[in-house]
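These notes concern the structure reproduced below.
Where a number appears in this text, it was derived from the coordinates with a stated rule and is not lab data. Nothing here was measured: the structure is a model prediction, and the numbers come from that model. Cβ placement follows ideal geometry from the backbone for every residue including glycine, while neighbour counts extend to all protein chains displayed.
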Amino acid sequence: MKMLPVALAVAALFASPLALAKKVDAVASFTVLADIVRNVGGEHVQVKSLVGPNGDPHTFEPTPQDSQALAKADVVFVSGLGLEGWMSRLITASGYKGKVVVSSDGISTRKMEEDGETVTDPHAWNSMQNGVTYATNVMNALIAADPDDAAYFRQHGAAYISQLTKLDQWAKQTFDAIPAQRRKVLTSHDAFGYFGQRYGVSFLAPVGFSTEAEASASDVASLIKQLKAENIHTYFIENQTDPRLVQQIASETGAKPGGELYPEALSTKTGPAATYTAAFKHNVEAIAQSMK
């Protein structure tokens with residue numbers, strides 16, 4: 001039998017599947033969360049987002065392929081706070097028995113009125129201060145899932161968290177420089193509550209936190225009256241919602257289009273909001289520009 005040179009033998013060993021870096025097989029509920037997992041986990045994670053780019057996490061309907069993805073996952077990440085009403089059924093159908101990480105754990109939640117009831121606002125990630133909490137929870141979950149690569153996750157997680165912290169401070173400085181009376185905009189639905197709370201911006205929307213909600217004629221009439229009274233001149237559509245209602249309201253108030261925002265879903269890879277940080281920067285810049 002011909003013997004391989006030592007260098008080739010070593011190379012063959014390290015090229016074998018057993019010698020390759022371990023990857024955590026992760027499933028995330030929607031694109032924003034999947035991107036956070038991808039940035040913290042780096043080369044040691046493989047991430048599937050159930051809801052795809054420009055997809056609506058409120059109205060998502062899982063497929064058999066989604067159930068199969070959960071069945072073989074090492075860890076599943078959700079945002080929680082009532083965002084993924086379909087997730088518990090999907091987990092049951094898939095037979096997944098592993099860890100379900102609620103990435104919003106530890107966040108100070110805000111309440112809102114929805115159809116006469118007080119509910120928890122699920123859109124916590126739109127405050128970048130909360131994004132730091134999401135990334136920290138993801139980092140700790142990946143360390144628990146793959147302790148051998150703990151140092152790698154800590155290093156990647158710390159670098160990413162530093163990036164998010166700087167973005168949070170930049171957003172605060174951006175809006176602090178704008179007079180408070182000008183920090184008002186109209187959006188498709190009430191997805192920017194945490195953003196507004198953190199950065200001092202008032203958002204008005206014809207429907208509540210869920211895109212499944214419908215605005216009544218009286219709600220729309222009241223909103224139009226309020227927009228006129230408060231001199232709100234700009235409206236935004238959202239990439240994952242039907243823009244027709246907000247456009248109708250805008251036409252009756254004279255509000256001008258400010259562009260498209262990305263509060264719940266990232267764009268495709270070639271779009272302006274392909275990552276969580278890109279989406280946040282895009283939203284801040286678009287909203288701030290509309291107030292100047």
Cβ density ranking, 10 Å radius, fewest first, applied to 168, 148 yields 148, 168
Expected sort for 175, 192 with the fewest Cβ neighbours (10 Å cutoff) up front is 175, 192
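Would you mind getting me the FRET efficiency between residue 88 and residue 248? Use the beta-carbon distance for r and R0 = 45 Å, nearest 0.05.
Working: r = 36 Å, r/R0 = 0.79.
Here the calculated transfer efficiency is 0.80.
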Treating only Lys and Arg (+1) and Asp and Glu (-1) as charged, each at its beta carbon, one finds that segment 13-169 has a dipole about its Cα centre, in Debye to the nearest 20, of 520
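Mind scanning 48/99; 166/281; 23/166 and naming the pairs with a C-alpha gap bigger than 21 Å? Don't skip to the answer; put the middle values down first.
Details: 48/99 16 Å; 166/281 11 Å; 23/166 29 Å.
23/166, as the Cα separations exceed 21 Å there.
For segment 72-152, what does the alpha-carbon gyration tensor say about shape, rounded, prolate or oblate, given a ≥ b ≥ c as the root eigenvalues, a/c under 1.5 as rounded, and a/b over b/c as prolate?
Verdict is oblate for segment 72-152.
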Checked segment 13-169 with the C-alpha gyration tensor, a ≥ b ≥ c its square-rooted eigenvalues, rounded below a/c of 1.5, otherwise prolate if a/b is larger than b/c and oblate if not; verdict oblate
